[in-house]
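The structure appears right after this line, and notes come after that.
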Amino acid sequence: MTQYYATLEIPVGASKEDVNAAYHRLAKVYHPDLNPGNSSAEEKMKKINDAYTMLTGSQRAFNRNLGQSTAANGKEEERKASAVMTDYFTAIRSGDHIRAYSYISDFDKQYVTIQSFREWRESVARLFRVDSFRVVFSEDVPRLTLRKGMNANGKKLTISISEQNRLSGEVERFHTAKYCIRENGEWRVLLGYRDLNEIARVFENLSAKYEAGDMQKYWEEYCSNTCRELGILSKTGLVKEAEKEIYRAKRLKHPMFAAVFLMTLEPSSEARLLVRAADTIRATIRITDVCAYLGGGVFAVLYAGLKKRNAVSVTNRLKSRLEILAPSDCRFGQFAEKADFEPLIKKMLA
């Protein structure tokens, strides 16, 4: 191969642009049309043509092989991320919470200790037992937002779970989306929770209420704050969370912005598209932001501590992504007091 570079008078490994430039430069000197009757120039031009053909053909082959290699590497990374998520849920199902904790990201471990993780999983296990699960790769998320100014290379995975409600004995089946992120050359599960102690207390209270015979009332109250089908807050839960965010915003002197997204959905595809829309919103906003489903194809997002231009930018980006799923409209507003929040939402929905 080196002789072809020598024929074109360029260094070994020269770029495609250098190969092309050398070919055209030499052709102007040795082309038969410019050297009629000169057999040595004709022979030289043949060698130049052969060298050009071999080097450009090798470049195309290299690019083709590179593309195949990249695709193969992508599949391998999908497999690795799926394997980590599978190992995580296997550890959860077996009750090995220390091993499950080892699979979560270092980003999560800044906020979640092994003790709070174990207490959370033990409190959940007292109410629900995972019977089976299935992990399926969904899509690449090259810039998964973890917090303001911090993104990660992520992979989105869909987990189909079958679990038994220990209180009712019923088997419940649902789908949820989770993410793996790349850290130090390895895939890790993104937990995405900040206060596991609070979540653990919810399940502890559920168990205590059940033992006290008041389980149904407490469970209904918990469910009223959460849209379990989508894994995000309900309208009631959003109002309560807004109260907390307003308190934090006042203390830190941060502005508060909200956006609502109104999707027009066909009844035949509504359930499927709502799940995809909720996943899209979670993947676009920061972990510190709050999202909720208000019903009727309407989602709401609270931006905590974002500047207005950034909140507007995220809102526009979300609208574009949701419009891929279904026709969508959005409204944007600012509020400062708890009393202003619900009227603002109503005004944006009007």
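Couple of notes before you dig in:
- The stretch 228-261 versus the stretch 77-145: alpha-carbon centroid distance in Å: 26
- Ranked list, fewest to most other Cβ atoms within 10 Å of each Cβ, for 97, 24: 24, 97
- Full-extension gain in nm, residue 347 to residue 323, via 0.36 nm per residue minus C-alpha separation: 6.4 nm
- The stretch 293-314-the stretch 1-34 distance, computed between alpha-carbon centres (Å): 58
- Residue by residue, the stretch 113-129 carries 3J(HN,Hα) couplings of 7, 5, 5, 5, 5, 5, 5, 4, 5, 5, 5, 5, 5, 6, 10, 10, 10 Hz when phi is fed to the Karplus relation 6.51 cos²θ - 1.76 cosθ + 1.60 (θ = phi - 60°); x denotes Gly or Pro.
- Förster radius 45 Å - calculated FRET efficiency between residue 269 and residue 12 (Cβ-Cβ, nearest 0.05): 0.20
- Efficiency of FRET between residue 307 and residue 165 - r from beta-carbon atoms, R0 41 angstrom, step 0.05: 0.40
- By average C-beta atoms within 10 angstrom, highest first, the peptides 73-84, 227-238, 263-274: 227-238, 73-84, 263-274
- Residue-by-residue Karplus 3J(HN,Hα) for the stretch 253-263, coefficients 6.51, -1.76, 1.60, Hz, glycine and proline x: 6, 9, x, 10, 10, 9, 9, 10, 10, 10, 9
- Net charge over other residues, Cβ less than 11 angstrom from the Cβ of residue 109 (K, R count +1; D, E count -1): -2
- In this structure, the residue pairs whose Cα-Cα separation is over 26 Å, taken from 244/308; 250/346; 109/178; 155/250; 178/347; 109/308, are 155/250; 178/347; 109/308.
- Label-zone membership for the stretch 12-42, site residue 54, 7 angstrom Cα→C-beta point, backbone N under 14 Å: 12-13
- Partner lysines for residue 46 [C-alpha distance under 25 Å; skip if fewer than 8 residues away on the same chain]: 16, 28
- Per-residue Karplus couplings for the stretch 235-240, computed as 6.51 cos²θ - 1.76 cosθ + 1.60 with θ equal to phi - 60°, are listed in order as 4, 4, x, 5, 4, 5 Hz, Gly and Pro entered as x.
- Given R0 = 41 Å, the distance between the Cβ atoms of residue 39 and residue 73 translates into a calculated FRET efficiency of 0.20.
Values quoted throughout were computed directly from the atomic coordinates according to the rules given, and no laboratory measurement underlies them. Note that the coordinates shown come from a computational prediction; the quantities given were computed from them, not determined experimentally. Virtual Cβ from ideal backbone geometry, glycine too; neighbours counted across all protein chains shown.
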